[in-house]
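Notes follow the structure.
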Amino acid sequence: MSDIFNLESYSDVNSTNGVTSGSRFGTGLDTGDLRRKFNFGDRVSELAIAQDPFFRFVSKVAKKPTDDPSFKFTEKRGSWNKRYAYVTAHGASAPAAVVDDATVAAGAVDAGDVYYFGFMGDYLSAGNKQNIHGQATGKIQVGASGTQPAFLIPGQLIKVPYGAASTAFSGGKIASLGGYLVAKVESVDSTSVSEMVVCRTTIVKGAAAEIELAAYYAANDAINAQDIHGMNIHDELEPKRSYVIGSAFAEGSGYPETWKDQPFSTGQGQTQIWKTTCAMTNTARATSLKYESNEWARIWKDKLIEHKYDLEQSLLFGSQYTSGGVNYTQGAVDWISTYGNTFSLATGSKTADDFLNDMSNLLDPRYNNSKSTVFFCSTDVYNWLHKLGGYFQNNLEISTNFRADLAVTGRKKVLGLDTTTISTVYGDMNVVRNIHLDGTNIAMLAIDMKHCSYRPLAGNGLNRDTSVYVGVQTLENSGVDRRVDMILTEAGMQWEMPESHAVWTKA
């Protein structure tokens, strides 16, 4: 069967126009055929529910069986919100290189003037992959290889933000925006400067006085020389971005130029084998005991819980690796710490305002508007969130119609788990205590359950999702049969869309 995406060469795991994104994209596996769907029982996930909340969620709502122990997947990121770039060069004539000066002289950009802008991007055109907040792994600098803006074509209108003359730039932030230019693209030159496109434009909405282009990191410091992966989207990066705001053409002007994006990128995961064994003689099985008569039934139940407990620990703290024929799957903490949004959370000094700033970066609707995120917390953070919510409710709430933006609004059972709903300006947080995070450097994991999957190995009529193997071993000259049972699971985790996952580490 041909590959379902063979109409376009897409960003494979090793080729991202010269910029790698880490081991997550480190294999040569292409996207395979569509998988069969299977329906399995969930006996193991029913035991000791509160002890293993993450495994409970993924085994109940995010199970996607795979028929290959090295499974592959494709991510798709749209481009509708990424038609922006940063001005890194400008002038009355076409610039030959980046210009380290944000100043545009008075009278240079009056309506009707011809003016040149050089634009650079901060995301990979192949796969539309962008920076993740606070994440140094796979960071993408302005002007890095593979980031050249591909969407700029003649006829487009570009909004270019600016500040007033001598506007102060402090720590990468512009003090205040003074307005914006509107420039119509007349021609595009993508060959003169590496990773920069130079647009010849006609000014539609100008500025009479001297201005400072907001795209610059400082008045005489172009942004392409700066490390931007830790900047806030809303107050540090958005004010610097020039967006396409439509197009304008004359009547009867004919068919304009066009462009197309490449939104696909691929990743790979693998399954891990877990084994838990228990053994007992038939004599012991047949013996009736006090307190719990059937010793085999008691041990069997405990072994099931032990097996499930091990799955929870591995799915949280495991790391994808292969050695000596043994596969290890990717755990939530390791994957999100490496590829997801990262924040710090010291419950003694973190304020509600600081936390809401973190939430605004995680849940920015330009990149992540998920409503399926579950916040798994250590015990101290779980208590801290309830203390904040309880304080607001008991001291600041005026009535049910006027309540605080960070308040506990209810408790509910989700798949049998106690879940607290905390209201914020960015939507409701579904908070679950996870004792496995206690004693670690992880304060809280925000996991988008839409973009993670528990992938048990199943194929050719064989299901390795918590199978049971029974063997009988006969001891020589003893005449005694020993029953040997083994609980076996072979499964892996698939992680997608790092912009929808986050980790708060203890400062």
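Remarks
- For segment 208-229, the tally of residues that are assigned to a loop (DSSP other than H, G, I, E, B) and either out of contact with any Leu (no Cβ under 9 Å at 6 or more places or on another chain) or surrounded by fewer than 20 Cβ atoms within 10 Å (Cβ to Cβ) (or both) stands at 13.
For every residue, the table says whether it meets (1) basic (Lys, Arg); (2) crowded, with 19+ Cβ neighbours inside 10 Å; (3) touching an Asp or Glu at 6+ places or on another chain (Cβ under 8 Å).
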{"position": "Tyr123", "(1), (2), (3)": "no, yes, no"}
{"position": "Gly143", "(1), (2), (3)": "no, yes, yes"}
{"position": "Pro149", "(1), (2), (3)": "no, yes, no"}
{"position": "Leu152", "(1), (2), (3)": "no, yes, no"}
{"position": "Ile158", "(1), (2), (3)": "no, yes, no"}
{"position": "Ser176", "(1), (2), (3)": "no, no, no"}
{"position": "Gly179", "(1), (2), (3)": "no, no, no"}
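- Test: residue in segment 312-333 that is hydrophobic (A, V, I, L, M, F, W, C), modelled with pLDDT under 95 and more than 21 Å from Phe57 (Cα to Cα): no
- The criterion of being hydroxyl-bearing (Ser, Thr, Tyr) and free of Cβ contacts under 8 Å to residues at least 40 places away in the same chain holds for Ser293.
- Some residue of segment 385-407 being within 26 Å of the chain's Cα centre (by Cα) and at pLDDT 85 or above: yes
Residues checked against (1) in the same structural domain as His229 (by TED's automatic domain parsing); (2) within 30 Å of Cys452 (Cβ to Cβ):
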site	(1), (2)
Ala50	no, yes
Phe55	no, yes
Ser59	no, yes
Ser70	no, yes
Thr103	yes, no
Gly107	yes, no
Phe117	yes, no
Tyr123	yes, yes
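- Hits in segment 345-366 - residues which are buried (at least 17 other Cβ atoms within 10 Å of the Cβ), assigned to a loop (DSSP other than H, G, I, E, B) and either at pLDDT 85 or above or of a type in the set (A, V, I, L, M) (or both): Leu345, Leu363, Asp364
- Residue match in segment 465-482 (condition: hydrophobic (A, V, I, L, M, F, W, C), surrounded by fewer than 21 Cβ atoms within 10 Å (Cβ to Cβ) and either assigned to a helix (DSSP H, G or I) or modelled with pLDDT of 90 or more (or both)): no
- Total residues in segment 236-284, condition surrounded by 13 or more Cβ atoms within 10 Å (Cβ to Cβ) and either charged (D, E, K, R) or closer than 24 Å to Leu363 by Cβ (or both): 11
- Tabulated pairs, segment 256-276, first within 27 Å of Gln130 (Cβ to Cβ), second in a strand (DSSP E or B) and of a type in the set (Asp, Glu), C-beta under 6 angstrom, 6+ apart or interchain: Ser265/Glu75
- Selection within segment 230-277 - among the β-branched types (Val, Ile, Thr) and either at pLDDT 95 or above or part of a helix (DSSP H, G or I) (or both): Ile233, Val244, Ile245, Thr271, Ile273
- Restricting segment 87-121 to residues that are modelled with pLDDT of 95 or more and among the charged types (D, E, K, R), the residue that is surrounded by the most Cβ atoms within 10 Å (Cβ to Cβ) is Asp113.
The values are calculated or read from the model by the stated rules, or taken from the named source; none is laboratory data. No experiment lies behind these values; they were computed from the predicted model shown. Virtual Cβ from ideal backbone geometry, glycine too; neighbours counted across all protein chains shown.
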